Each structure stands twice: as C-alpha cells, then as structure tokens.
1. Please determine, by comparing only the residues of segment 31-51 that are open to solvent by 50 Å² or more (accessible area, probe 1.4 Å) and part of a helix (DSSP H, G or I), which one is nearest to residue 143 (Cα to Cα).
2. Can you find, within segment 80-104, the residue that is nearest to the chain's Cα centre (by Cα) among those that are in a helix (DSSP H, G or I) and crowded, with 21+ Cβ neighbours inside 10 Å?
3. Please state which of the following conditions residue 62 fails to meet, knowing it meets all the rest: (1) surrounded by fewer than 20 Cβ atoms within 10 Å (Cβ to Cβ); (2) part of a helix (DSSP H, G or I).
4. Across segment 1-30, what is the total count of residues that are without any contact (Cβ under 8 Å) to a residue 12 or more places away in the chain, over 21 Å from the mean Cα position of the chain (by Cα) and open to solvent by 50 Å² or more (accessible area, probe 1.4 Å)?
5. Only one residue in 133, 81, 103 is aliphatic (A, V, I, L, M), modelled with pLDDT of 95 or more, in contact with a His (Cβ under 6 Å, 6 or more places away or on another chain) and over 21 Å from residue 49 (Cα atoms), so which one is that?
6. If residue 44 passes every condition in (1) modelled with pLDDT under 95; (2) within 20 Å of residue 150 (Cα to Cα) but one, which one does it miss?
7. What are the residue pairs meeting all of these: first residue in segment 130-147, first residue over 20 Å from residue 158 (Cα atoms), second residue open to solvent by 20 Å² or more (accessible area, probe 1.4 Å) and in a loop (DSSP other than H, G, I, E, B), Cβ atoms under 7 Å, and 6 or more apart or on different chains?
Amino acid sequence: YLNEARTDSLTGLPNRRMFDEEFGRRHAEWKRYGTPLTVMLLDIDHFKRCNDMHGHVVGDEVLKRVAQAVGATLRESDLLARYGGEEFAVLLASTDVDDAWMAAERARRAVAELALDDGAGRHFRVTVSCGLADCRVNEPPLTLVQRADEALYASKDSGRDCGHWHDGQQVLPLRSAEHAELSTKPAEQPAVELHDACLSLRERLLEVTADAAR
C-alpha cells in the first residue's frame, strides 16, 4: 500500500508525494555534506492540444512514452517522477551545472525524436520544455523548486522545446547540443592554434635567415 501511494498508476513513475520525500532527504544531504543537487522540471508542450486533437487515450500513451524516453537518458542515481499533469521532475544527484544542462538536452532530444501514433495511422511528435536550478547557500528547499519553475516558464516563453537555467540571480538559456559536443573537445582548438603559430614562426625565421645571407 505504501508503494502504491508513492507511485503514479499511469506511468509507473514515483509520484509527487515520493518526489517531495526524496527531495527533502537529498536536500538535507546537501546541507550537511555539500553534495551537489539539481532539480530539473520538464513539461510537455501543448499537451492540451494533443488531448483535444487525438483524445485522452492517446494522451495517456504520450505521457507513458515521454516518461520512458526521459528515463532512458538518466542515471540510476537520478530520480524521475511525474510531478503532476503533463509535468515531470528530476532530481539530479551529484550534478554540476555543465552535467545538468547536458542531461536536460539529452532528455529534450529523446522526446523530440519519439515517433508517436494516434491509433489511426497518423504520426505526430511532441516536445518538452525544461527548467533547471541547483541548491544555493541559505536557500529554503521550496525556493529551489520555484527557481526551476521560473526557468521552465522562461523556456515556454522562448518558444518551447528548449531549456533554461536559474543561477540564483537570473534565468539563462541552456546551450545547444552542438555547443555541448564541442565543449567535450577542449584540446582541439589550442592544438590548431599552436600548429599555426609554429608555421608562422618558421616562415619568419626563414625570412630573417634569407635577409642575413644577402
């Protein structure tokens, strides 16, 4: 009975009650040990329109497929929950800013790539908007979730199918997937610059040697 009370019957995910309990525990760990903790909120874009166009049975299937797609991108230590309606929440354990926005981007792309069927042979796709926030010193737990929610609404206002981060002072857009891939190769650009500098120096030395010979 306790397990059922903490599980969403449609998606099989932890529900809001279990999320709140786990969030309280992990937030206490952050306060005591300094273990990084980030909250990610995801909301299915235009979900009401999806229900109106395809019916609630298809809408329920969308919720289950989105839950599976997002869950497949997360680690075992992360907690994905159905937060309410078409909104999901994730507790990203021991996650810094860079890892968090990359996790959000993986989740966003996984949902955008889903091929959905309305049951009558017509295919469609859905997207999600994301909001992120991490723990800050002397901040109540509720404020952390509120900041993630502000970041989520910034994504909605920016056209949806994107993510934003609340750094404690302001809301900032998350970098693109292309930027993420480039950031994993920090040594390439310096190597190219060093190579070009060596070539330039060699050419200059040849010029000086030729002038001295004349």
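The values are calculated or read from the model by the stated rules, or taken from the named source; none is laboratory data. From a predicted model like this one, the values you see are computed outputs, not experimental measurements. Methodologically, a virtual Cβ is constructed for each residue, glycine included, from the backbone with ideal geometry; neighbour enumeration extends over all protein chains shown. Accessible surface is based on the protein model in full, side chains and every heavy atom, while ligands, DNA and RNA are left aside. Shrake-Rupley method; radii C 1.70, N 1.55, O 1.52, S 1.80 Å.
1. Filtering segment 31-51 for residues that are open to solvent by 50 Å² or more (accessible area, probe 1.4 Å) and part of a helix (DSSP H, G or I), the one nearest to residue 143 (Cα to Cα) comes out as 31.
2. Looking at the filtered set, the residue picked out is 104.
3. Among (1) surrounded by fewer than 20 Cβ atoms within 10 Å (Cβ to Cβ); (2) part of a helix (DSSP H, G or I), the lone unmet condition for residue 62 is (1).
4. Result for segment 1-30: 8.
5. Only one candidate qualifies: 133.
6. Residue 44 satisfies every listed condition except (1).
7. As it stands, the answer is 134/36; 136/168, since those pairs meet every condition given.
One line per residue, one yes/no per condition, for (1) in contact with a Leu (Cβ under 9 Å, 6 or more places away or on another chain); (2) not charged (D, E, K, R):
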position	(1), (2)
49	no, no
66	yes, yes
80	yes, yes
87	yes, no
101	yes, yes
111	yes, yes
120	no, yes
